[in-house]
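*Asks:* Pasting in a structure now, in structure tokens, and then I'll have a few things to ask.
The values are calculated or read from the model by the stated rules, or taken from the named source; none is laboratory data. Owing to the predicted nature of the structure, the values given are computational and were not obtained by experimental measurement. In this analysis, Cβ positions are derived from the backbone assuming ideal geometry, glycine residues included, and neighbour counts consider all displayed protein chains.
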């Protein structure tokens, strides 16, 4: 499930197709119907986008997407939700979402919780790791969700049944990261907090290669969990 062309599966594509799996893409913002029944897939990834999770009046497809995520949760279809997808998953599960204390745009240190240190998806990243982020809202999942990782600003990962949600962009390709930075003025929050594109490019260049390895490996572990 994608929401715009420059926020696709990125390095997850290599992990999925390299593992012999078939990847079907549904652009929820542009295609009213999915390519097939969502409940018929072995696993589902729900990615990020520039929309905020509370903007249903501007983006009416958000409501339908939350319904799909709720159905996937109820059917225990393995899910991996990223950024906007994570926020929508929190809402679909009966939680809430809100503006974070401050937007997180750029590179941030993410610290695993005690449960995160034991989680099969995130444990290899313990005790902490550096991640690329671009969001203004945070996930506030229901109490039955297991918090797995945090930054000082907000929750960064949680587990709920067979679903994992991550706030950081483990999937982002180098090309997409460069595009987001170049296009930062499209995000009023990035302008408000004074994102400096040259500085962010300079921070990203030496980090993105290793982060892409981390992201592809994370997706491979999730595929193994989904298969199990």
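*Asks:* Can you list the helices (runs of 4 or more DSSP H) lying wholly within segment 120-228 that have 3 or more residues being farther than 21 Å from residue 47 by Cβ?
*Replies:* Those helices (runs of 4 or more DSSP H) span 188-192, 197-204.
*Asks:* Being surrounded by fewer than 16 Cβ atoms within 10 Å (Cβ to Cβ), touching a residue at least 12 places away in the same chain (Cβ under 8 Å) and closer than 24 Å to residue 91 by Cβ is the requirement here; does residue 188 meet it?
*Replies:* So residue 188 fails the test.
*Asks:* Related question: Condition first: closer than 18 Å to residue 82 by Cβ and either part of a loop (DSSP other than H, G, I, E, B) or free of Cβ contacts under 8 Å to residues at least 24 places away in the same chain (or both). Now tell me which residues in segment 58-68 satisfy that.
*Replies:* 59
*Asks:* Would you mention how many residues in segment 33-57 are assigned to a loop (DSSP other than H, G, I, E, B) and without any contact (Cβ under 8 Å) to a residue 12 or more places away in the chain?
*Replies:* 6
*Asks:* Could you please tell me which pairs satisfy a Cβ distance under 6 Å, a separation of 6+ or placement on different chains, a first residue in segment 133-152 that is on the phi < 0 side of the Ramachandran plot and surrounded by fewer than 20 Cβ atoms within 10 Å (Cβ to Cβ), and a second residue that is part of a loop (DSSP other than H, G, I, E, B) and modelled with pLDDT of 95 or more?
*Replies:* From segment 133-152, the pairs are 140/95; 142/93; 142/94; 142/95; 147/113.
*Asks:* Six or more apart or on different chains, Cβ atoms under 6 Å: show the pairs whose first residue is in segment 1-16 and surrounded by fewer than 17 Cβ atoms within 10 Å (Cβ to Cβ) and whose second is not in a helix (DSSP H, G or I).
*Replies:* 4/49
*Asks:* Here's a follow-up. Step by step: first the residues of segment 83-110, then only those that are in contact with a helix residue (DSSP H, G or I) (Cβ under 9 Å, 6 or more places away or on another chain) and more than 14 Å from residue 138 (Cβ to Cβ), then the one that is surrounded by the most Cβ atoms within 10 Å (Cβ to Cβ). Which residue is that?
*Replies:* 92
*Asks:* For segment 111-125, enumerate the residues that are surrounded by 16 or more Cβ atoms within 10 Å (Cβ to Cβ) and either farther than 16 Å from residue 146 by Cα or in contact with a helix residue (DSSP H, G or I) (Cβ under 6 Å, 6 or more places away or on another chain) (or both).
*Replies:* Within segment 111-125, 121, 122, 125 meet the criteria.
*Asks:* Of all residues being exposed (fewer than 12 other Cβ atoms within 10 Å of the Cβ) and in contact with a helix residue (DSSP H, G or I) (Cβ under 9 Å, 6 or more places away or on another chain) in segment 199-227, which is nearest to residue 79 (Cα to Cα)? Just the residue, please.
*Replies:* 213
*Asks:* Please state which of the following conditions residue 3 fails to meet, knowing it meets all the rest: (1) in contact with a helix residue (DSSP H, G or I) (Cβ under 8 Å, 6 or more places away or on another chain); (2) at pLDDT below 95; (3) under 19 Å from residue 172 (Cα atoms).
*Replies:* (2)
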